[in-house]
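Beneath this line is the structure, given in structure tokens, with notes to follow.
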Amino acid sequence: MSKAIVNSDLKDVLPLLARGKVRDLYEIDAKTLLFVATDRISAYDVIMENPIPDKGILLTLLTTHWFRHLSSTIPTLRTHFLTLDLPSRIPEPLRPTLQNRSMQVRKLKVFPIEAIVRGYITGSAWKEYQTSGTVNGIEVPKGLRESEKFPNGPIYTPSTKAEIGDHDENIHPDQAIEILGPDYATRISTLALTLYTAAHTHALSRDLIIADTKFEFGLDEESDEIVLVDEVLTPDSSRFWSVEGYEVGKAQESFDKQFLRDWLVGKGLKGKDGVAMSEEVVVKTREKYVEAYERITGEKYAA
């Protein structure tokens, strides 16, 4: 297990552009950024006080695995990923802690929505469906049970992207059209569904179900191409279920941060600031992230 990294500090080397819930973004040059995935973890849009060791490395390596797999499966796909190599100006003493948790990426204009795709009804979708029979305001078949696969195929359920401290808001696809314009909104929804379908097939071959996931996209303004950006199909951005344990009609055990969410709810800490996770939650959450990585990649994780 590596030493946990809560914040990176490269301000004397590269300009810091932003700190997200997990990633610190630095500018290498006018066209290139350095994404550093820390071990911070958030739930219900609140960052926990203590980290999950190795989490940033697991997210980065899993994301690059998906970039490679999806690019080979969908030849027209473009991603922002350039390399896992660190910029040459990073001092030697800093390099061991940054390697494999950092990636150089193309600097792009990022679309202001999260492109969520749901293959199964769970989480906030299940809660809305129980109340109104809809998901993101979309009419879906009646009589679905919790965790059931959508009978007509996966559905696109976008959300707004909130600043840190605010909450993402689920929106109807028509609202995404208003935000993005019809051309980009259609291209993004089509690509998101294509990516989910390809990823779901790959995960099933590794005995995992991707219940839902979120993608983020940028725009290459020179070519007008939609580009897949940020993290992809990680335990932070997706719900992973075991094929062997899957059973319709109940909540599923998952290989992601649902364990943390359940703990917060059980302790009455959902959405509260200043929460430190118990050691048990830290250990078990890390174990779930490691298992998701190993199942999907087929590789043993060696910290």
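The values are calculated or read from the model by the stated rules, or taken from the named source; none is laboratory data. In this text the structure is predicted, and so the values were computed from the model without any measurement. Note that each Cβ is placed from the backbone with ideal geometry, even for glycine, and that neighbours are counted across all protein chains shown. Accessible surface areas use protein heavy atoms only, side chains included; no ligands, DNA or RNA. Shrake-Rupley method; radii C 1.70, N 1.55, O 1.52, S 1.80 Å.
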Fill in the blank from the handout: Filtering the stretch 71-111 for residues that are among the β-branched types (Val, Ile, Thr) and farther than 20 Å from Pro15 by Cβ leaves a count of 4
Exercise for the section: Mind listing whichever residues of the stretch 26-45 are closer than 23 Å to Asp273 by Cβ and buried (at least 16 other Cβ atoms within 10 Å of the Cβ)? Expected result: Ala37, Thr38, Asp39, Arg40, Ile41, Ala43
Fill in the blank from the handout: Note on the stretch 87-114: residues touching a helix residue (DSSP H, G or I) at 6+ places or on another chain (Cβ under 6 Å) and without any contact (Cβ under 8 Å) to a residue 60 or more places away in the chain are Asn100
Completion exercise
Across the stretch 251-272, the tally of residues that are open to solvent by 40 Å² or more (accessible area, probe 1.4 Å), touching a helix residue (DSSP H, G or I) at 6+ places or on another chain (Cβ under 6 Å), outside any loop (DSSP other than H, G, I, E, B) and modelled with pLDDT of 90 or more stands at 1
Problem - Odd one out for Asp236, checked against (1) of a type in the set (Asp, Glu); (2) under 21 Å from Phe81 (Cβ atoms); (3) assigned to a strand (DSSP E or B) - result: (3)
Practice task
Confirm whether Lys55 is touching a strand residue (DSSP E or B) at 6+ places or on another chain (Cβ under 8 Å) and closer than 27 Å to Asp183 by Cβ.
Solution key: no
Fill in the blank from the handout: The number of residues in the stretch 125-140 that are in a strand (DSSP E or B) and either among the charged types (D, E, K, R) or in contact with a Lys or Arg (Cβ under 8 Å, 6 or more places away or on another chain) (or both) is 2
Problem - In the stretch 86-139, residue surrounded by the most Cβ atoms within 10 Å (Cβ to Cβ) [restricted to those that are among the hydroxyl-bearing types (Ser, Thr, Tyr) and out of contact with any Phe, Trp or Tyr (no Cβ under 8 Å at 6 or more places or on another chain)] - result: Thr122
Handout entry: Flag for Ser71 being open to solvent by 20 Å² or more (accessible area, probe 1.4 Å), within 19 Å of the chain's Cα centre (by Cα), among the polar types (S, T, N, Q) and under 25 Å from His200 (Cα atoms)
Key = yes
Exercise for the section: Find all pairs meeting these conditions: Cβ atoms under 6 angstrom apart; at least six residues apart or on different chains; first residue within the stretch 180-207 and in contact (Cβ under 8 Å) with a residue 12 or more places away in the chain; second residue crowded, with 20+ Cβ neighbours inside 10 Å and part of a helix (DSSP H, G or I). Expected result: Ala185/Ala176; Arg206/Ile296
Practice task
For residues that are touching a residue at least 60 places away in the same chain (Cβ under 8 Å) and open to solvent by 40 Å² or more (accessible area, probe 1.4 Å), scanning just the stretch 287-303, find the one that is farthest from the chain's Cα centre (by Cα).
Solution key: Ala303
Handout entry: Qualifying residue in the stretch 243-250 (condition: loosely packed, with under 15 Cβ neighbours inside 10 Å, under 22 Å from Val117 (Cα atoms), of a type in the set (Asp, Glu) and modelled with pLDDT under 95)
Key = no
Problem - Set Thr186, Thr190: member being part of a helix (DSSP H, G or I) and surrounded by fewer than 13 Cβ atoms within 10 Å (Cβ to Cβ) - result: Thr190
Exercise for the section: Would you be able to say whether some residue in the stretch 213-224 is part of a loop (DSSP other than H, G, I, E, B), out of contact with any Lys or Arg (no Cβ under 7 Å at 6 or more places or on another chain), surrounded by fewer than 17 Cβ atoms within 10 Å (Cβ to Cβ) and of a type in the set (S, T, N, Q)? Expected result: yes
Practice task
Output yes when any residue across the stretch 223-237 is within 26 Å of Leu77 (Cβ to Cβ), outside the structural domain of Glu146 (by the TED database) and within 19 Å of the chain's Cα centre (by Cα), and no when none is.
Solution key: no
